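The values are calculated or read from the model by the stated rules, or taken from the named source; none is laboratory data. Keep in mind it's a predicted model, so treat the numbers as computed, not measured. Cβ coordinates were reconstructed from backbone atoms using ideal geometry, including for glycine residues, and neighbour counts include every protein chain displayed. When the accessible area is computed, the model is the full protein with side chains, heavy atoms only, and any ligands, DNA or RNA have been set aside. Shrake-Rupley method; radii C 1.70, N 1.55, O 1.52, S 1.80 Å.
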Amino acid sequence: MFYHAIVFLPLLGAIIAGIASLSQQHNIAILASIAGVCLSLLLSCFAFVEIALGGQALTVEVARWIGSGDFQAHWTLRFDTLTAVMLIVVTGVSSCVHIYSVGYMSHDKARGRFMAYLSLFTFAMLMLVTADNLVQLFFGWEGVGVASYLLIGFWYHKESAHTAAMKAFVVNRVGDFGFALGIISIFALMGSVQFSDIFANAATYQSHVITVFGLSMPALELVSILLFIGAMGKSAQLGLHTWLPDAMEGPTPVSALIHAATMVTAGVFLVCRMSPVIEYAPLALDIITIVGALTAIFAATVGMTQFDIKRVIAYSTCSQLGYMFFAAGVSAYPAAMFHLTTHAFFKALLFLGAGSVIHALSDEQDLRNMGGIWRKVPVTYTMMWIGSLALAGFPFFAGFYSKDMILEAAYAAHSGPGILAFWLGCAAALLTAFYSWRLLILAFHGTPRASAEVMSHVHESPNVMTLPLVPLALGAIFSGWLGYEVFVGHDMAAFWGDAIFILPGHDALANAHHVPVWVKVLPIILAASGVILAVIAYIVMPSLPARIALLFAPIYQLFFNKWYFDELYDRIFVAPSVAFGQILWQRGDKGVIDYYGPDGLSGFVKRSSGMLTKLQSGYVYHYAFAMMIGVVVLLSWYFSGFGR
Amino acid sequence: MISSFFFYLFAAVTCLSGLMVVTSRNPVHSVLFLILAFFNAAGLFILLQAEFLAMLLVVVYVGAVAVLFLFVVMMLDINFVELREGFQKYRTLGIVIGIILLAELFTTFFQLAGDSGALPETTGVHNTAQLGRVLYTEYVYLFQLAGLILLVAMIGAIALTLRSRPGVKRQSISDQNSRRREDTVRLAKVRSGEGAEAKEGSH
Amino acid sequence: MEFSSLTFLAALPEFILIFFALVLVLVAAFARHSDGHIKTVRTISLVGYATGFAALFLLPQGATEIFNGMFRIDGLTVYMKGLVLLGGFFACWLVGDGWGEGIDRAEFHLLVLMAILGMLLMISANDLISLYMALELQSLPLYVVAAMRTGSLKSSEAGLKYFLLGALSSGMLLYGASMIYGFSGSTGFSEIAASLTTGDISIGMTVGMVFLLSGLAFKISAAPFHMWTPDVYEGAPTPVTALFAIVPKVASITLILSVTYNALGEMAVQWQQILIALSVISMIVGATGAIMQQNIKRMLAYSSIAHMGYALAGLASGSMQGSTSVIIYMTTYVFMGAGSFAVIMTMRRDGLPVERISDLSGLSSTHPIQAAGMMVIMFSMAGIPPLAGFFAKWYVFLAAVDAGLVPLAIIGLLTSVIGAFYYLRIIRLMYFQEANAPLDKGGERQNRLVLFASLAVILLFFFFIGPVHDHASSISGALASFS
C-alpha cells in the first residue's frame, strides 16, 4: 500500500489540482499538488532506506490487466535500488520545484493548471522508474513526454513556446520510434516484455541473429541499439539533442525539473535498467560511449558561446548527460547513476538560481543585459556559486566525486572508445568550468547592463523561492561525499544488488580506483584553469572574447550557431518532408486515396445502404419471405455438400 | 393394412385442405378447410394412439379457435383478393423456394425411415392416463410455465383491448358503500330570496 | 424426482419474480388508479428486480440441475441472469412515469416483469421443451408491450409485425426442435449431446439445427432474420425500445450459447458455418443499414444488429476463448444500450418525445452532461480504445483469429469502421451543429442513475479487464463442450 502511495499520490494531487484549477481554486490546487509530491518524497525516503540500504528489492502488484493467450500484461511496480535512487531524485527535486513554483508562478493566472501538470509529470516519471516491464516503462516514457509537451507549451500564447513544445515532441518521437521498435524486437525475440524474464534469458540469446532487410546482426546488439536510440531522444544526445535548448521556452521551474534533473535522465536510467541486455552487446556499448563523449564535448563548445542564461545551462545539461552515457558505455553504470543523482541536485539548483535571477531582472534572460547585481541578490548569488562549483567538479563538491569517477572509469576501460571518451571528457571539463564562470561573471559582476528601471526593481526572491534552494544546495555540496562509498565505492555490490548487471570482464569501474595519479588530478587542474580563463576573459580583459571571436570567426560561428544542427535538419528533413507531404496530400491523398478510399468507399456504402433500406419495405410478408429464403439457403448449403 | 389406408387418407386430405386454405378465394372457405385439416390431423393422432391429443385438437382448435376465426373473418370486411395481389409478384420465387425446401425435407425424412427410436414405448396404459401420470410430476415445471404463459396471454389481451374511456359513467360499488353521510350532505340554512348557491360561494 | 429437498432454491430468483408479478397483478386489479399509482407499481417491480438480483448470490455454487434436468444453473447462467436483471432494472428505471408514451399503466410493468422472468428461464433452459416455453413466456409480453401505445398506428403495427414474424420464427424453432428430438430421441440437452457422440451426425440433426438456430437468430435479430427489428424499434414506445435494446438479446445469446455448446457440442463444425454466415450478414447489414437512417431508434436497431453480428463472430469461433468473448461482449452491450437510451429518453420537445437523429444537434450546449455521456457511449460502440466497447470487440476478434477465422475478423474490422461513421455522426451533430430548436430541460434528472452507472462501467472497464476476463473464462468452463 505504501509503495503504491509513492506512485499514486502525485497522480491524486494532479487530479485534485486539475479539477480545482478548473474553478480557479488556485490555492487548493497548489496545496494538493505539493502535499501529494511531498508525501511521496517522505515515503520514498523510507523506501530508499528499506530497499537500497536494506537490500530488499521487491515488486508490488497494482492490478491484473490483460491476460490473453501469450500476451500477458500486468500492472506491477518494481522496486529495486535503481528505482529507489530515482525515486529520491525525482520526488526530491520535484518537491523543491513544486514549492519554488508557488513563488515563481505567483503572478500567473493559470498557476493551478501549472501545478497539476507538474504533479502529472511527477506521476509519469514515477511510473517510468517503477515500471516492471517495458510496456509500462513506455507508458511512463510517453507520459513524461506528454507532460513535458504541456509544460514547455505552458505559455501557449507565445508562438515560440508552442513551436518549441512541438519540436520537443516530434524530435522525441524519433527516439520513441526506436524505443518502440526495441520493445517489439525484444518481444519477438524472447516472447516477453517482463524485465524479470528478459534479464533471466538475456545470456541465452547471445548468439541469436536477427535478419532485417537482408542484414544480419546479433539480436541483442540490435535490441540494445534500438533502445539506445530511444534513450538518445529523451536524453538529448548528439543528433537528437535539438529540442532541449528550445525547451527552455517553458517556465524555469519546468526546465529545472524536467529538462535538467529528471526526465532527460530517463535515457540514462533506461540504459542502466537494461544493463543485463546491453552488457551482451559490445558494439552497442561502444556506440553509447562514443555518442556520449561526442555529446559531452559538443554541448560544452556550444555552451561557451550562448547568451541566453537558460540555454547555457541547457547545453551544460546536454553535456553532462553525455558524461553519464559514456560512463554507461564503459559498463560503469553505478558511476552513471551516481552522476545522475549529484547532477540532479546541482543542475536543479543552477536552474532555479537562474530562474531567481530572471525573476529579479524582470524576466530578462540575455546575459548581455545582466551584470552587477550580486550584492542585491546575495542568496541567489551564493546558490549559483555552489551550483557552479559542483558542476565544474571542484574538490569535495558533489560533481567532483561523480565526474571524476566517470573519467577514471573511462580511462580504466583501456579500450579505444574509453580513451577517446576520457580525453573528450577532460576537454569538456575545462569548457564546463569556463562557461560556468562566464555565466557567473556575466550575470552577477561587472557594470550593470540592464536599464535603470530594471535595475531599480532588482530584489532578492521571496523565501518561498529561496528556501527550496537550500536542500538542493546541501545536495550539491554533500551528496557526492555521502554517496561515494555506496554508489561506486566499497559498498557498491551490496548497494546495487541485482539492479545493475556488469559482465565479469567489464571491470572499468573496479579498475577506476587504481588509475595513475595524474588521471585523478587532471580534471581538477583543468577545471581550475577553466575558471582562470573565464576570469581573464571576462574580468581582466573584457575585450578579449570579442577579439577571439573575430580571430576564430568560423569556429565561433560554428559554436554559436550550435554546429548548424537546426539548419541542417531543416534542410535535410523538414523542408523535403514538407514538400513531399504537399505532393502526397495533393496527388496521393486527394487524388487517389480520397477518391477511391473514403469518398469511393463511403459512396459505395451509401449506395448499398440505400439498397438495404429499399429492401426494408415494411411489408410483413416480405420479411417472412426473407426469413424463409434465409433458412432455405442455409439448408441448401448443407445439402449441396459444402457444409461437411 | 387398414391403418396404412387410413393414414394415407388422413394425410392426403390434410395436405390438400392445407393447400386449399391458402389458395381458396373466399376466406370463409379457407377457414372451413382449416377445420377440415384439423379434423384429419386429429385422425392421424388417433392412428398414433394419441387419442387425448386428438380430442384436444378437436375441442380446442376446431371448437374454439377455428370458430373464432370464422367469426372474425365474417365480421371484418377485408378484400382478400386485393391483399393477395401483392403475393402474385413473388409467386414464382416462392414456388421455387418451396420446392427446394420440400425436396430437402424429403431427403431428410427418407433417412429417418425405419428409425423410430424416438417414440416412447407404450406399456399398455392409455395415452391419456400416461399424460396424467407425468404431466404433474415429471413435467410439472413445464405445466406451471404453460400456466404463466396463459396468464401473460390473458393480461396481454386485456391490456391491449381494454380502454378506459373518459366521460363514461360507471357504477363503483365500493365507492358507494364507503361513502359517508358527512362527505356528501351539507346542511345549509337558506334565507328566503338568497338561495343556497350564493352562500356556498362565500365559503 | 425430488420434491422434498431444497434444490428448488436453485430457481429462487425466478420464484421471487413470480411472486412480485402476482403482487403486481393484484395491485393492477385492485389498487386505486390515482396519480401515485404508477409510481407504486414501478417501485414494486424495481424492488422485484433488485431482490431477484440479490437472490442470485444465495444460489448454490456449481452446476445444479432441477425439475428433471430441465432447468440448470451454473456460473454462466447465474452471471447472465445477473445481466438480465440489471438490464431489467435499468429499463424499468428509464420508463419513469411512462407519460407521453402510452405505457403509464400497471399492466406494462407486469408484462415486462413476466418477460424478464421468461428470459431468466431461457437462460436456465436445459431441455428443448423448457427452451421453447421460456422463449414464449419471454416473447408474448414483448409483443404486447410493443403494441401498447394506445391510439398509435405505428405502435400497433410494430406489435403486430413482431407477433406475426415471431410466430413464424417460433414455428421454425419448434420444427427444428422436433427434428432434433426425432433424430436424437430426446429433448434434454445432455441426452442430445450424448446421442451425438455415437456414430455419424445425420442430416436430420443438421436440418433440425438449421431450423432451431434460425428461430433463435430471429430473437437476437441476426440478419437475415432481422427485418422486424428496425420497424419494431421505431414503432414501439421508446421505453419499450430501450427494453428491447438492453435485455432480451442477452438471454437469447445465452440460449444460443447453451444450445450450441451444451447440446450440439459435437456438431461444432456444422453450427460454426451457420453462425459465421449469420455473423457476416449481420455485421454488414447492421453497419450499412444504419447509415441512411434518420430516426435514432431505427439507427440503434441496425446498430444492435451489427452488435449481434460481432457477438456471433465470437460464438462462431467455437472455442472457450469465443464463449468468453461473448460473455464480455454482452456485458458491455447491456451497459452501452442502457446508457444510450438514458440519453435518448430525455429527448423531449414541448413535453413530447422526439426521436429524429437531427434532434440531437446542439445537444452539447443545451445538455452538456447528456451530450458528453452520449459521446462516450458512441465512442465505445464504435470500438474506440480504451472504452469498454473496444475491449469487447477486441476479444471477439482475437477469438475469431485464434480459431482460424481470419476473414471473419477482417470483415468485422471493416464493418466496425463503417459503423464508426454513424456513431461519429451523432457526436458531430451534438457538438458541431447548432440546435434548431432546443430540447426540454429537466427531464434528464431521473435518468442520471442509469447514465452514470453505464458511463462508469464503460469508462472504468479498462481497469477491470483482467478480473472480468478471468471470471468470464472460468464460467464458460461450465459449458459442456469444455468439461
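Pairing residues of region C:279-290 that are closer than 20 Å to C:Val326 by Cβ and of a type in the set (S, T, N, Q) with residues that are modelled with pLDDT of 90 or more and not in a helix (DSSP H, G or I), at Cβ distances under 7 Å and at least 6 apart in sequence or on separate chains, gives C:Ser282/C:Ala222; C:Ser282/C:His226.
Of all the residues in region A:147-161, those that are farther than 14 Å from A:Leu244 by Cβ, free of Cβ contacts under 8 Å to residues at least 24 places away in the same chain and assigned to a helix (DSSP H, G or I) number 1. Residues in region C:368-380 that are farther than 20 Å from C:Ser325 by Cβ and open to solvent by less than 10 Å² (accessible area, probe 1.4 Å): C:Gln370, C:Ala371, C:Gly373, C:Met374, C:Ile377, C:Met378. Counting only helices (runs of 4 or more DSSP H) that fall entirely inside region B:110-203 and contain at least 3 residues that are modelled with pLDDT under 75 and more than 26 Å from C:Ser130 (Cβ to Cβ), the qualifying elements are B:196-201. Evaluate the following for C:Gln273: is it part of a helix (DSSP H, G or I) and either within 11 Å of another protein chain (Cβ to nearest Cβ) or in contact with a Ser or Thr (Cβ under 9 Å, 6 or more places away or on another chain) (or both)? It is true that C:Gln273 is part of a helix (DSSP H, G or I) and either within 11 Å of another protein chain (Cβ to nearest Cβ) or in contact with a Ser or Thr (Cβ under 9 Å, 6 or more places away or on another chain) (or both).
Per-residue answers, yes or no, for (1) buried (at least 24 other Cβ atoms within 10 Å of the Cβ); (2) β-branched (Val, Ile, Thr); (3) farther than 23 Å from A:Gly103 by Cβ; (4) within 25 Å of the chain's Cα centre (by Cα):
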{"site": "A:Phe345", "(1), (2), (3), (4)": "yes, no, no, yes"}
{"site": "A:Leu350", "(1), (2), (3), (4)": "yes, no, no, yes"}
{"site": "A:Met370", "(1), (2), (3), (4)": "yes, no, no, no"}
{"site": "A:Leu407", "(1), (2), (3), (4)": "yes, no, yes, yes"}
{"site": "A:Gly416", "(1), (2), (3), (4)": "no, no, yes, no"}
{"site": "A:Ala427", "(1), (2), (3), (4)": "no, no, yes, yes"}
{"site": "A:Ser436", "(1), (2), (3), (4)": "yes, no, yes, yes"}
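In region A:190-200, of all residues being over 27 Å from the mean Cα position of the chain (by Cα) and modelled with pLDDT of 85 or more, the one that is most open to solvent (accessible area, probe 1.4 Å) corresponds to A:Ala200.
This table checks each residue for (1) open to solvent by 50 Å² or more (accessible area, probe 1.4 Å); (2) more than 14 Å from chain C (Cβ to nearest Cβ); (3) assigned to a helix (DSSP H, G or I); (4) modelled with pLDDT of 80 or more.
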site: A:Ile583; (1), (2), (3), (4): yes, yes, yes, yes
site: A:Gln586; (1), (2), (3), (4): yes, yes, yes, no
site: A:Lys590; (1), (2), (3), (4): yes, yes, yes, no
site: A:Lys606; (1), (2), (3), (4): yes, no, yes, no
site: A:Gly610; (1), (2), (3), (4): no, no, yes, no
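Tell me which residues, restricted to region A:508-541, are open to solvent by 70 Å² or more (accessible area, probe 1.4 Å) and in a loop (DSSP other than H, G, I, E, B). Residues satisfying the conditions are A:His514, A:Met541. Scanning region C:150-161 for residues that are part of a helix (DSSP H, G or I), more than 10 Å from every other protein chain (Cβ to nearest Cβ) and open to solvent by less than 70 Å² (accessible area, probe 1.4 Å) yields C:Ser155, C:Ala158.
Here is a yes/no grid of residues against (1) open to solvent by 10 Å² or more (accessible area, probe 1.4 Å); (2) in a helix (DSSP H, G or I); (3) touching a residue at least 60 places away in the same chain (Cβ under 8 Å):
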residue: C:Thr198; (1), (2), (3): yes, no, no
residue: C:Gly208; (1), (2), (3): no, yes, no
residue: C:Leu213; (1), (2), (3): no, yes, yes
residue: C:Phe218; (1), (2), (3): no, yes, no
residue: C:Ala222; (1), (2), (3): no, no, yes
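Among the residues of region C:177-190, which ones are within 11 Å of chain B (Cβ to nearest Cβ) and more than 13 Å from C:Met209 (Cβ to Cβ)? If the condition is that a residue be within 11 Å of chain B (Cβ to nearest Cβ) and more than 13 Å from C:Met209 (Cβ to Cβ), then C:Gly185, C:Ser186, C:Thr187 are the ones that fit. The test for being aliphatic (A, V, I, L, M) and either at pLDDT 80 or above or surrounded by fewer than 12 Cβ atoms within 10 Å (Cβ to Cβ) (or both) holds for A:Val578. Counting residues in region C:237-257 that are outside any helix (DSSP H, G or I), out of contact with any Gly (no Cβ under 7 Å at 6 or more places or on another chain) and open to solvent by less than 10 Å² (accessible area, probe 1.4 Å) gives zero. Here the condition is being in a helix (DSSP H, G or I), under 30 Å from C:Phe15 (Cβ atoms), more than 12 Å from chain B (Cβ to nearest Cβ) and open to solvent by 10 Å² or more (accessible area, probe 1.4 Å); of C:Leu174, C:Leu164, C:Leu140, it holds for C:Leu174 alone.
Every condition in (1) within 24 Å of the chain's Cα centre (by Cα); (2) away from chain A (no Cβ under 14 Å); (3) within 28 Å of C:Arg349 (Cα to Cα) holds for C:Phe421 except the one numbered (2). A single member of A:Pro448, A:Pro468 is touching a residue at least 40 places away in the same chain (Cβ under 8 Å) and either closer than 16 Å to A:Phe351 by Cα or surrounded by fewer than 15 Cβ atoms within 10 Å (Cβ to Cβ) (or both), and it is A:Pro468.
Name the residue, out of C:Gly442, C:Gly383, C:Gly419, C:Gly466, that is surrounded by fewer than 17 Cβ atoms within 10 Å (Cβ to Cβ) and modelled with pLDDT under 90.
Details: C:Gly383 fails: surrounded by fewer than 17 Cβ atoms within 10 Å (Cβ to Cβ); C:Gly419 fails: surrounded by fewer than 17 Cβ atoms within 10 Å (Cβ to Cβ); C:Gly466 fails: surrounded by fewer than 17 Cβ atoms within 10 Å (Cβ to Cβ).
Residue meeting the stated conditions: C:Gly442.
Between A:Ala5, A:Ala47, A:Ala14, the distinction of being within 26 Å of the chain's Cα centre (by Cα), modelled with pLDDT under 90, more than 30 Å from C:Asp470 (Cβ to Cβ) and open to solvent by less than 60 Å² (accessible area, probe 1.4 Å) belongs to A:Ala47 only.
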